[in-house]
Amino acid sequence: MLAMAAVIEFYSEDVRSDCLGQNCEIGYAYQKTWTKVWYDDSARKMTSHTGAARIDSKGIYGYVVKAQGHPATAGCIGDPWSGYQWMRIDYDTVDWYVLGIYATRWHTQSSIEVYAC
Amino acid sequence: MRVDMMGRGVWLVAAAVVVAALVVFAVWLTAVVAVVARPPKSPVPITNGIFSALYNATVICGGGRKTWDLTLVYRNGKLIKAMLDGREIPLAVFKYPHEFSYVGELLLDLNRIKDVNNKTLKPLGGVINKRIGRPVSLIDSPLAPRSDLLITTSFNYSRLVIEGHGEFRNGTVNALLIFDYEAGVPYFFIINTIHASMREFCGTSFAHITAYLREVKQVFF
């Protein structure tokens, strides 16, 4: 009997956006944090992982990345009583400016946990 | 006569262009005003180290992602009580015997924030970065910070065992603290912890907590 190994891709994202004007021609702000993990379900192991941000602005919006973690946390975490998990968490903290005078801060965060330890 | 008509036509076109430009500018200005004229937020109250701070805490752990209230009570800048979802949690969640998230240690004693540097963290194998920036309000927080000291810490572990609580293998852990030093209040933070008390909330002892400030109250002892 031949057992086929299957690699599964897990994906998580967190998005915030704003659009001013009919086609966002006045202003556009977009912030996404994403995390991907590939898991081999026959070996029960995490094979690889990645994560990053996509940040776009247009018109009156501008931005400054204040802090980011890619990854914020990654590794095998747990205890003998409740089990172990492999986990990756990503985050981005970004300041958004309107014409450089007004600012608000967005925090986006994504995470994936797999039983792969 | 023909020259006069041509001249008039040029003026009409110029006037139309100006009117169109004014309309575009008015629409643009309306949008800008709509964004800028959001209701102002109250500044974080200035404390004298004695206060109770209520946070909105998003906890990522073995049981998935949950959001609870987190209350931190301080006396003379030292954390004396912490409650998650209305239930008191041990201060050891933030503390020794590990440096899993050094920001947790800073939350325990706000007086240490000023002096902590890479010399402090080097013996523990970590890296810290501190920088003062323009205070910017987090969109979800109803409060506006007066000042902004941003601190990040980073630790790498091949194996970290915390007896009776849990362990962490082959990984990296980063934490964040945005401290409003004028008010004396942590405004936003991200910490990781491995503590048995987290099993009641998460099913496992690990918790990654992201919290932003919602309210500050004066307390009397």
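The values are calculated or read from the model by the stated rules, or taken from the named source; none is laboratory data. Small disclaimer: the values here were computed from a predicted structure and weren't measured. Cβ coordinates were reconstructed from backbone atoms using ideal geometry, including for glycine residues, and neighbour counts include every protein chain displayed. Surface accessibility is based on the protein's heavy atoms, side chains included, excluding ligands, DNA and RNA. Shrake-Rupley method; radii C 1.70, N 1.55, O 1.52, S 1.80 Å.
For this structure, a couple of remarks:
- D (Stokes-Einstein, µm²/s), Kirkwood Cα radius, the range B:155-219, 0.692 mPa s at 37 °C: 239 µm²/s
- Our note on the geometry: Cα centres of the range A:42-79 and the range B:99-118, 24 Å apart.
- Relative to the Cα centre, the charge distribution of the protein assembly as shown, modelled as +1 at Lys and Arg Cβ and -1 at Asp and Glu Cβ, gives a dipole magnitude of about 620 debye.
- Selected from B:Thr67, A:Thr104, B:Tyr157, residue furthest toward positive end of dipole (the protein assembly as shown; charges at beta carbon): A:Thr104
- For the protein assembly as shown: rounded, prolate or oblate by the Cα gyration tensor [a/c cutoff 1.5]: oblate
- Exercise: per-residue mean of other protein chain Cβ atoms within 10 Å, B:56-67: 3
- Largest-first ellipsoid semi-axes for chain A, taking √(5λ) over the Cα gyration tensor eigenvalues, angstrom: 37, 16, 9
- Inter-chain shielding of A:63-75 (mean C-beta neighbours from other protein chains, 10 Å cut-off): 6
- Along the axis of the charge dipole computed for chain B (Cβ charges of +1 for Lys and Arg, -1 for Asp and Glu, origin at the Cα centre), the listed residues B:Val216, B:Ser141, B:Asn192 are led at the positive end by B:Ser141.
- Accessible-area rank, largest first, for A:Cys24, A:Cys117: A:Cys117, A:Cys24, with all protein chains present and a 1.4 angstrom probe.
- Computed over the alpha-carbon atoms, the range B:94-221 gives an Rg to Rh ratio of 0.98, Rh here being the Kirkwood radius from the mean inverse distance.
- Peptide A:87-100 shows a mean partner chain C-beta count of 4 within 10 Å per residue C-beta.
- Here the contact order of chain B, divided by its residue count and restricted to Cα pairs under 8 Å and six or more residues apart, works out to 22 percent.
- Modelled spin-label separation between B:Arg8 and B:Asn170, with each label point placed 7 Å from Cα along the Cα-to-Cβ direction: 8.5 nm.
- Cα long-axis angle, helix B:2-36 against chain B (0 to 90 degrees, to the nearest 10): 20 degrees
- By the rule of a C-alpha distance below 21 Å, with chain neighbours fewer than 8 residues away ignored, the lysines paired with A:Lys36 are A:Lys45, B:Lys66.
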